[in-house]
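The values are calculated or read from the model by the stated rules, or taken from the named source; none is laboratory data. The model shown is predicted, which means the values in this text are computed figures rather than measured ones. Note that we place each Cβ from the backbone using ideal geometry, even for glycine, and neighbour counts take in every protein chain shown.
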Amino acid sequence: MSQASAPKPLSARRAGPLKGHVRVPGDKSISHRALIFGLLTRGATEIEGLLEGEDVLATGRACSLLGAKVERTGTGKWTVHGAGVGSLLQPKGVLDFGNAGTGSRLMMGVVAGHGVSATFDGDASLRKRPMKRVLDPLLQMGAEVASEAEGGRLPLTLTGTADPIPVTYETPVASAQVKSAILLAALNSPGTTTVIEKEATRDHTEKMLAHFGADIKVQPHGAHGRQIVLTGRPELQPNKVVVPADPSSAAFPLVAGLIVPGSEVVIEGVMDNPLRTGLVTTLLEMGARIEAKNRRTEGGENVADLVVHASNLRSVDVPAERAPSMIDEYPVLAVAASFAEGTTRMRGLHELRVKESDRLAAVHAGLVANGVNAVIEGDDLLVTGGPVRGGGTVATHLDHRIAMSFLVMGLASESPVTVDDGAMIATSFPDFVPLMAGLGADIS
């Protein structure tokens, strides 16, 4: 099991306006997938712009244990020499994913579709996260759970099958991780697998399957959903992956630029995939001054440079159906809402309860600790904005996004805001503090 590092409290306090150009780390979702597709492709896959955070590096180590040769060739540059679909090796050690929920769940799909057995484990936070929603369809495809912690949690040992059963599966919740695990298992299936989702979730797996030459068809399903049909046992072709800047990481300097008076920040090369732009859509509705410039395509994904100006925000009602396109950004949106005029209602946040922490409860507690009027009603979060007093200490519960969100709050609150631990920020944004300092932020 991953060893917890000693807590590292951090405080953020008001300074001058934030100014400058930054590029945030590569997208975490695409980084995980790039390594995994390198494992499943026979030959060399070159990756540029990989997020070198602890979560992604854990996925790289798991790929090595399953038979890939994973090499770092420069900053953000990696090469994966893969074994190919159907050719994984029996791992000689535990697949330890640390805090990486995405990496662990996607790799369960990979293992489920191969005739190997692997033990999955992680840190204290990951051990609390539910895996049953991912395991259920994989068991239908022929995989077996040899052992598991209570409630289908880690540590667990999963035994895959060399002949996964083709299935038609409708996901019970909007989850790109569940969808992706099924598709990854189906790569080695002797037939056609169909995944139906009522609400379209991030489509990086589908795009990367096509990028590597798989036979995959995606079409609309219902009002907001999609149907994905994958033909199994392709021979994936090596292809270069350029990882765009992560919109979930860009959210922190973005919101900071909006709430710190006099700020003007440019965030370069941010992914502009419409299934990931819910935060920007919401902030624009709130009156944010955000311009998308220099739109282009990098590595099969649309990207743009975001120019952000300090803004007077107003409250909005955020519809539940927007959640899949911004599920990781609600904590920092709640911070933005704290500085907006009126009461913002964020609807349908049940999925936040099963993230690295119960993010809904953690966000609410952090807001209240810093003098913000916030209420949970069912699965909705209501935040009433105004001058933010600050001065509180926020319990992060080993959650990197809670830590960064409330450090952003401290940059514009009347008194400093402290988080009880910033060590886990390295899982997704290792250079968060120096990057923000380069814009003029005071975090230490």
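Details
- So L360, is it in contact with a Leu (Cβ under 7 Å, 6 or more places away or on another chain), under 29 Å from R23 (Cα atoms) and not assigned by TED's automatic domain parsing to the domain that holds E197: yes
- Residue within segment 224-242 that is of a type outside the set (F, W, Y), at pLDDT 95 or above, surrounded by fewer than 21 Cβ atoms within 10 Å (Cβ to Cβ) and under 24 Å from F432 (Cα atoms) present: no
- Each residue in segment 84-100 was checked for being of a type outside the set (K, R), surrounded by fewer than 20 Cβ atoms within 10 Å (Cβ to Cβ) and over 25 Å from the mean Cα position of the chain (by Cα), and 7 pass.
- Of all residues in segment 169-201, those satisfying the criterion of being more than 22 Å from the chain's Cα centre (by Cα) and among the hydroxyl-bearing types (S, T, Y) are Y169, S189, T192, T193, T194.
- Looking across segment 144-180 at every residue that is part of a loop (DSSP other than H, G, I, E, B), surrounded by 20 or more Cβ atoms within 10 Å (Cβ to Cβ) and small (G, A, S), the one that is modelled with the lowest pLDDT is identified as A174.
- Hits in segment 213-240 - residues which are in contact (Cβ under 8 Å) with a residue 60 or more places away in the chain and within 19 Å of Q177 (Cβ to Cβ): H224
- Single match in V308, V218, V255, V265 (criterion: assigned by TED's automatic domain parsing to the domain that holds G82 and either in contact with a helix residue (DSSP H, G or I) (Cβ under 6 Å, 6 or more places away or on another chain) or closer than 23 Å to F406 by Cβ (or both)): V218
- Search result, residues across segment 282-311 that are polar (S, T, N, Q) and under 19 Å from D27 (Cα atoms): N294, T297, N302
- Residue within segment 185-195 that is in contact with a Pro (Cβ under 7 Å, 6 or more places away or on another chain) and part of a helix (DSSP H, G or I) present: yes
- Selection within segment 363-408 - crowded, with 20+ Cβ neighbours inside 10 Å, in a loop (DSSP other than H, G, I, E, B) and either touching a residue at least 60 places away in the same chain (Cβ under 8 Å) or of a type in the set (G, A, S) (or both): G385, G392, H397, L398, D399
- The set of residues in segment 274-300 being buried (at least 21 other Cβ atoms within 10 Å of the Cβ) and under 15 Å from G49 (Cβ atoms) consists of G299 alone.
- Taken across segment 114-121, residues that are surrounded by fewer than 24 Cβ atoms within 10 Å (Cβ to Cβ) and either in a helix (DSSP H, G or I) or not assigned by TED's automatic domain parsing to the domain that holds T159 (or both) do not occur at all.
- Cβ-Cβ under 6 Å pairs, at least 6 apart or on other chains, segment 198-212 side over 22 Å from A223 (Cβ atoms) and touching a residue at least 12 places away in the same chain (Cβ under 8 Å), far side of a type in the set (F, W, Y) and assigned to a helix (DSSP H, G or I): M208/F37; F212/F37
- Criterion violated by L236 - all others in (1) in a strand (DSSP E or B); (2) touching a Phe, Trp or Tyr at 6+ places or on another chain (Cβ under 6 Å) satisfied: (1)
- Residues that are touching a strand residue (DSSP E or B) at 6+ places or on another chain (Cβ under 6 Å) and under 22 Å from P253 (Cα atoms) are absent from segment 347-361 altogether.
- Note on segment 247-356: enclosed strands (runs of 3 or more DSSP E) holding 3 or more residues that are touching a residue at least 40 places away in the same chain (Cβ under 8 Å) are 264-271, 301-309.
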